[in-house]
Amino acid sequence: MRAGAVPRAVRDPMTGSSAAELLAEAASPADLVAARIQMALSLGWHIVIACFGVGMPAITVFAEWRGNRTGDEVYRLLAQRWAKAMGVLFAVGAVSGTILSFEMGVLWPGMMDTYGQVIGLPFTLEGFAFFIEAIFLGIYLYAWDRLSPRVHVLTGIPVCVAGVASAFFVVTANAWMNQPRGFDLENGRVVQVEPWAAMFNPAAWPQTVHMIIAAFMVAGFGMAAVYAAALLRGSRERYHRLGFLIPFTVGAVLTPVQIGVGDWAAKFLAENQPIKLAAIEGVYETARNVPLHIGGVYQQGELRYALEIPNGLSLLAHWNPNGRILGLAEAAAENRPPVNIVHWSFQMMVAIGFGLLLLGIWCGLVWWRRRSFPRNRVFLALATAAGFAAPLALEFGWITTEVGRQPWIVWGRMRTAEAVTPVPGLYGGLLAVAVVYLVMTVATIYVLRRLARAPLAPQEHDEEHA
Amino acid sequence: MSLAELMIAVMWAGLTAYVLLGGADFGGGFWDLLAGGTRKGAEQRDLINHSIGPVWEANHVWLIFVIVLCWTGFPEVFAAVSSTMYIPLTLVALGIIARGAAFAFRKASTELGHRRVYGFAFALSSVLTPFFLGTVAGGIASGRTPAGIAAGDLVGSWINPTSALGGVLAVAVAAYLAAVFLCADARREGADALAETFRRKALGTAAVTGVVALGGIAVLHADAPRLYSGLVGKGLPLILVSVLGGVASLALLLRRRYLPSRVAAAVAVAALLWGWAVAQYPLVLLPDTTIEEAAAQPAVLRVGLVVTLVGAVLLLPSLWWMFSLFQREQPHTPGRGASASE
C-alpha cells in the first residue's frame, strides 16, 4: 500500500539494512532463543487443540442433528461422547490460547509497543468470537436436559460459526506479519493506521483458508483415528463404524481441496514473499526453468542429493516452464531464513498431504464399489496413523510459514531480535512453561483416552470391555 | 469525553466484569481448597463445580478482552507493563493454565485419586492466580511500571507493600464474591444447610476484606502517596460507595437476602476498581504518562470502539441468556451435577 513512503524507517525486505535499532534487544543470544522456543512451544501446542475447537463442533452437531432426525441412538451417543471430549479440549484450548496473549507482551513487547495498535482489530474481533464460542459451548455442554432437542442442536451452531471466525481473525493477524499493511512509520512510530487494510492484507485469504481447512482435516482425521483403532482391535460395533466414517469423510473430502489451496498459497509466495518460497525450495540463484527438488540438503547455496523434476518449480509457481523464480541470493545473507528446516518442513507437510489424499481415494473407491469402507488391517492401521499424521502436517506447515519469515517478526519491518524483551533469564520461564505443558499434554491425552474407552451405555455391547 | 478516555472506560468496564465474574470463579477455587476432606467437602465442592462449570470459560474471556483492548488502544502501556511484570505475569499465565485445565480434567475423571490431584491443582491455582494479578495491579497503581520496555524494576515492581496489598485484596475479594454468590446458588438448589455454610463464610470474608481494604489505606499512605491522595481526593465518593456497598451486603447477608446481597457486594467491588481509576486519572502510567499520550491513533480507537459496540449487541443478549439459563431451577432435577451430559 504505502510501503516505501517513509524511506527512513522502511527497509527493503530483500536487501535489508542494518540491524542496529533503538528497540528492545535480548539480554543475551540465549534469551532470544529461549523466547522463540517458548513461543513455538506454546503456539505449536495451542494450534493443534484449536483445530479441534474449530472442526469438532460442526462434526458433533451434525451427528446430534442426524440422531434427532432419525431417532438413531448411535448418532446421539456419538454426539454426547464427542461433546464430552470437546469440553476438555475447549478448556485446554481456552487457557493455552490465553497464554499466547500474555506472551505477545511478555516475550515480544518490542513488536506490541510499535504494532499492537495495527493488529488490534482482528484480535478484538476474535475476542468477541471467543466470547460467543465460550457462552454457547457452555450452554451446549451443560444444557442437554434444560433445552428441547431442537433448540439444543441450534445452540451448537454459534459454536461452529464462532470457532471458524476465531481462526479467521487470528490468522489474518499472522498474515499481517507476512504482509504488513495499513500503516506508515514516522520516527519509528506508526501513523496513518488503517485497521481494516491491515487486517485484509494480501496474505489474509490464502493463509486463513489454508488454516481453516487444515483445522477441519486435523479434527476429522484425529477423531476418526480413535474409532479406526477400535475397529483395528476387532470391534464390529456400528458405534465405531459410524464414529469412524463421519469424521473421516470430512477429512478425506477436504484433502484434495487443501492441496489446491496449498498451491494457491505457494503461488502467492512466489509473487509476494519470494524469499520464503526460495527457502522452501532451496533455490539460491534467481533463474528460469527452475526444477522442483524433492528431498535434499542445502549446503553453501546449493541443494544437494535432491530428486529433480525439470522445470517443476517454474511450472508450479507460474504455470510456465519458463517462469522466473527469485532465489535466496536476492536477499542479503542476514535476511535469509534458515533453509533446511523450512525446506524439510514443507516437504514433510506435502508428503503427508498426498498420503492422506491416497488414503481418502482408497476409502472412496471401496465405498463406490461396495457402499462400505475398507475393513482390512492395513487401511485401518493407516487411518489410525492419519490421526497423528494430520496434526503433524499442520505443525510442519506452521514451521514452514513461521521459520520461513525469519529473521523478521514483521516481514521487512522489524526483526525478531528487535521485538524480544530485554529481560534476562528467559530460559527460566521457558523451563517452567515446558514443564507445565508436558504435564498438561500427558494429562490431556490420558483424560481423552479414558473418555474414549469408557464403557458405552448399557444397551450397547462394547467389545473392548467384554 | 475523548476517544482515548472512552476506550479506557470500555477497558475498565471489561476489567470490572472480569473481577466480578472471573473473580468469583477464582473464589470458588479458594473455597474448594478450604472445603476440607474428600467426604466432608464433597457437598461444597459439588455446589462450586455446578455453579462455575458452565460459565467460567465465558467469564475468563473478559480477561482476554481487556488484554486485547489494552494493546490495541494503549500499546505502549501494554508493552511497558508486560515487560516489567515478566515474572508475575508468567506466573499468572501458568496459574490460568493449571486452573482451567485441572478443572476440566477433574470433571472428566472418575478415579478418586486423580480427581483429588486435579482438584488440588485447580484450587491452589485459583488462589495464586488472583494473588499475582493483584501484585501486578499494585505495582501499576504505585507507579512502579513506568513507560518504556522493561523500564521498571523486574522484582521490586511486584514485590513491595502495595503489591502485597493488591495480591491479598484480590484473593479476599474473590473469596468474598464467591461466598456471597454461592449462598443464593445453594438456596436455589434447595440446600439450605449449605447456604448457611456459605453465609458464614461470606460474613467472615466480608469482614476480612473490609479490614484489608481499610488497613490498606495506611499502606498506600506510606508506599503509594500519589494513589493515596487520589483516593482520598477525587476518588473519595467512589470509595464511600464501596464502603456503603460492603456494609449493605453484610446487612443483607445477616437477613439472608442473598440476591440483593450479591448486587451490593458487586457494587462494593466495582466502586473500589473505579475509585482507583478516578484516583489515577488522567495518568495511565505513573509518574507522568497520560491517557491521551499513550493512546493509539484516533482511527484505531474509532474502529475499536465501533467494533466493540457492535460486538456488545451480540454479546450481551448471549450472556444474559447463558446466566438466566443456569441461574434458574433445573426443570427436572435428577440430582445435582448429574445432567445427561455427565
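Any read-out appearing in this document is the output of simple, stated calculations on the displayed coordinates, not a laboratory observation. On a predicted model such as this, the values are computed, not experimentally measured, just so you know. Here Cβ is always computed from backbone atoms with ideal geometry, including for glycine, and neighbour counts include all displayed protein chains.
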Over what distance in Å are the Cα centres of the stretch B:1-19 and the stretch A:316-355 separated? 46 Å
Specify the residue with the greatest mean-square fluctuation among B:34, B:154, B:47, computed from a Gaussian network of chain B linking alpha-carbon atoms under 10 Å apart. B:34
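How high is the FRET efficiency between residue A:453 and residue A:376 when r is their beta carbon distance and R₀ equals 30 Å, given to the nearest 0.05? Display every interim value, and only then the final one.
Working: r = 24 Å, r/R0 = 0.79.
According to the calculation, E is roughly 0.80.
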Placed amide H near residue A:408: partners under 5 Å, 5+ positions off or other chain: A:416
Considering only B:311, A:428, A:325, whose Cα is most displaced toward the positive end of the charge dipole of the protein assembly as shown, charges sitting on Cβ of Lys, Arg (+1) and Asp, Glu (-1)? B:311
So what is log10(I(q)/I(0)) for the stretch A:186-291 at q = 0.11, 0.17 1/Å, when the Debye sum runs over its Cα atoms only? -0.60, -0.89
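For the stretch B:3-326, what is the relative contact order in percent, using Cα pairs closer than 8 Å and at least 6 residues apart in sequence?
Details: 470 pairs, mean separation 72.1, N = 324.
22 percent.
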The protein assembly as shown - mean residue ellipticity at 222 nm from DSSP helices (-39,500 (n - 2.57) per run, n ≥ 4, rounded to 500): -24500 deg cm²/dmol
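Give the shape of the protein assembly as shown as rounded, prolate or oblate, defined through the alpha-carbon gyration tensor: a ≥ b ≥ c are the square roots of its eigenvalues, a/c under 1.5 means rounded, and otherwise the shape is prolate if a/b is larger than b/c and oblate if not.
Details: a/c = 2.17, a/b = 1.17, b/c = 1.85.
Judged from the Cα gyration tensor, the protein assembly as shown comes out oblate (a/c at least 1.5, b/c at or above a/b).
What relative contact order, as a whole-number percentage, does the stretch B:199-329 give when Cα pairs under 8 Å and 6 or more residues apart are counted?
Numbers: 87 pairs, mean separation 28.0, N = 131.
Dividing the mean separation by the residue count of the stretch B:199-329 yields 21 percent.
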Given a 10 angstrom Cα cut-off, can you work out which residue in B:62, B:320, B:31 is the most mobile in a GNM of chain B? B:320
Taking chymotrypsin sites (Phe, Trp or Tyr not before Pro) that fall in a DSSP loop and have at most 11 other Cβ atoms within 10 Å as cut points, what is the longest piece of chain A between them? A:1-304
Between residue A:73 and residue B:306, take the C-beta separation as r, use R0 = 60 Å, and let me know the FRET efficiency to the nearest 0.05. 0.80
Shape box of the stretch B:37-128 [Cα atoms, principal axes, largest first, Å]: 50, 25, 19
According to a simple spin-label model (label point 7 Å from Cα along Cα-to-Cβ), what is the distance in nm between residue B:226 and residue A:341? 4.2 nm
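Would you tell me the mean number of C-beta atoms belonging to other protein chains that fall within 10 Å of each C-beta in B:309-316, as a whole number? Please report the intermediate quantities before stating the final value.
Numbers: counts 0, 2, 7, 2, 0, 7, 5, 0.
Going residue by residue through B:309-316 and averaging, the value is 3.
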³J(HN,Hα) across the stretch A:30-37 via Karplus (A = 6.51, B = -1.76, C = 1.60, θ = phi - 60°), whole Hz, x for Gly/Pro? 5, 5, 5, 4, 4, 4, 5, 5
Which helices of chain B meet both criteria: a Cα extent of 20 Å or more along the helical axis and a mean Kyte-Doolittle score no lower than 0.0, with helices taken as whole DSSP H segments? B:3-17, B:56-73, B:86-108, B:112-141, B:161-188, B:192-223, B:236-254, B:258-280, B:298-326
For residue B:143, distant residues with modelled amide H under 5 Å away: B:286
Rounded to the angstrom and largest first, Cα extents along the principal axes for the stretch B:3-326 equal 55, 40, 37
Mind checking which lysines have their C-alpha under 26 Å from residue B:201, skipping anything on the same chain fewer than 8 residues away? B:40, B:107
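Counting only C-alpha contacts under 8 Å and six or more residues apart, can you give the relative contact order of chain A as a whole percent? Please list the in-between numbers first.
Numbers: 725 pairs, mean separation 106.0, N = 466.
RCO, chain A: 23 percent.
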Kirkwood Rh over Cα pairs of chain A into Stokes-Einstein at 20 °C, 1.002 mPa s: D in µm²/s? 90 µm²/s
Would you mind pulling out the separation of the Cα centroids of the stretch B:201-216 and the stretch B:30-61, in Å? 22 Å
Computed label-point distance, nm, for sites residue A:33 and residue A:288 using a 7 Å Cα→Cβ extension: 4.5 nm
So who's got an amide H within less than 5 Å of the one on residue A:194, skipping anything under 5 residues away but keeping other chains? H placed 1.01 Å off N, in plane. A:183
